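The values are calculated or read from the model by the stated rules, or taken from the named source; none is laboratory data. These numbers come from a predicted model, not from an experiment. No Cβ is skipped: glycine too gets one built from the backbone with ideal geometry, and neighbour counts run over all protein chains shown.
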Amino acid sequence: MRIRLASLGGAFLLLWSSGSATAQGIDETLRFARSLQAEGEYYRAITEYKRVLFLAPPESTAIRESAVLGVGGALYSGAEYARSADWLHAHLADLPEGERRMEGARLMYRALLAGGAGERLLALSSELEEPTAETRLFEGLAHARIGHWREATSTFRELSDDPRYGPAAFHFASLAAEAERAGWKSPRVAAVLGIIPGAGYWYAGHRQTAVASLVVNSVFIGATAQAFRTDQDLLGAFLSLFSGSWYAGNVYGSALAARRHNENLQEELWSRFDLTP
């Protein structure tokens, strides 16, 4: 009987020590993953975080939550913004309501902004039943990210009286209002002006290209006219076709130059929004 009791006691101690060792191993793996992430070894860190999720029992909620956020953070740090947002969106339900879930949502929103996915941020934020002031701040940033400056200004101004986010919202509202008045160019206007060689490029801010366009088009038109005046009809027809293609390309290029101007201006204005905590 004593032998049986001793055997049972030994088995219990063995199981207990085994479980303790497993828990300790999971904790060490989590610490190792954080160390790798801090050292910039993002993809190795992701592997270790996922190892934690595989080994940790369902009741180890705190450890699993840290691993979930760890994967999202490592993907973000590795500039894998779309993958980071996808991972966090898929696992937000695994995080408890409150600050822990908001931490995941915050990181997801940052990843979406960094990846230029402002429209997706707005779509995902609408899934929240009761958006917080912080969520509204991110929505304003999403509008700014995609160049909806009027909506951004309005959203930020709604938060100007918020005790926590009011100062940041007031600053962002000023930036957004300034962006509304920035030197945006209309591609349609540029294309219409492009009917006059060089005028569309000049409007879009490409002055050297405008001068070159005027000179080259003038040369082609002059050469075409000269060919017909000297009865070189075949050459004239060829030059007419070439000149027409070049002329049409300048009209299209004027619109494209205006678009590129707006894209560059958008990135310059967006860079003024400091998202550091």
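Ser213 fails exactly one of the following numbered conditions: (1) within 25 Å of His261 (Cα to Cα); (2) of a type in the set (Ser, Thr, Tyr); (3) at pLDDT 80 or above. What is the number of that condition?
(3)
Hey, can you tell me all the residues within the range 93-116 that are crowded, with 20+ Cβ neighbours inside 10 Å, of a type in the set (Gly, Ala, Ser) and under 16 Å from the mean Cα position of the chain (by Cα)?
Ala105, Ala111
Is it true that Phe138 is more than 20 Å from Ala105 (Cα to Cα), aromatic (Phe, Trp, Tyr) and surrounded by 15 or more Cβ atoms within 10 Å (Cβ to Cβ)?
No: the conditions fail for Phe138.
On the given criteria, is Arg100 closer than 18 Å to Leu124 by Cα, free of Cβ contacts under 8 Å to residues at least 12 places away in the same chain and in the same structural domain as Gly116 (by TED's automatic domain parsing)?
Considered against the rule, which asks whether it is closer than 18 Å to Leu124 by Cα, free of Cβ contacts under 8 Å to residues at least 12 places away in the same chain and in the same structural domain as Gly116 (by TED's automatic domain parsing), Arg100 comes out as no.
Just to check your reading of the model, which residue among Ala144, Ala90 is in a helix (DSSP H, G or I), small (Gly, Ala, Ser) and buried (at least 16 other Cβ atoms within 10 Å of the Cβ)?
Ala144
Against the conditions (1) under 19 Å from Leu36 (Cα atoms); (2) surrounded by 24 or more Cβ atoms within 10 Å (Cβ to Cβ), where does Ala79 fall short? Just the number, please.
(2)
How many residues, within the range 147-164, are surrounded by fewer than 19 Cβ atoms within 10 Å (Cβ to Cβ) and among the hydroxyl-bearing types (Ser, Thr, Tyr)?
Going through the range 147-164 one residue at a time, the tally reaches 2.
Please work out if Gln37 is of a type in the set (S, T, N, Q) and at pLDDT below 90.
no
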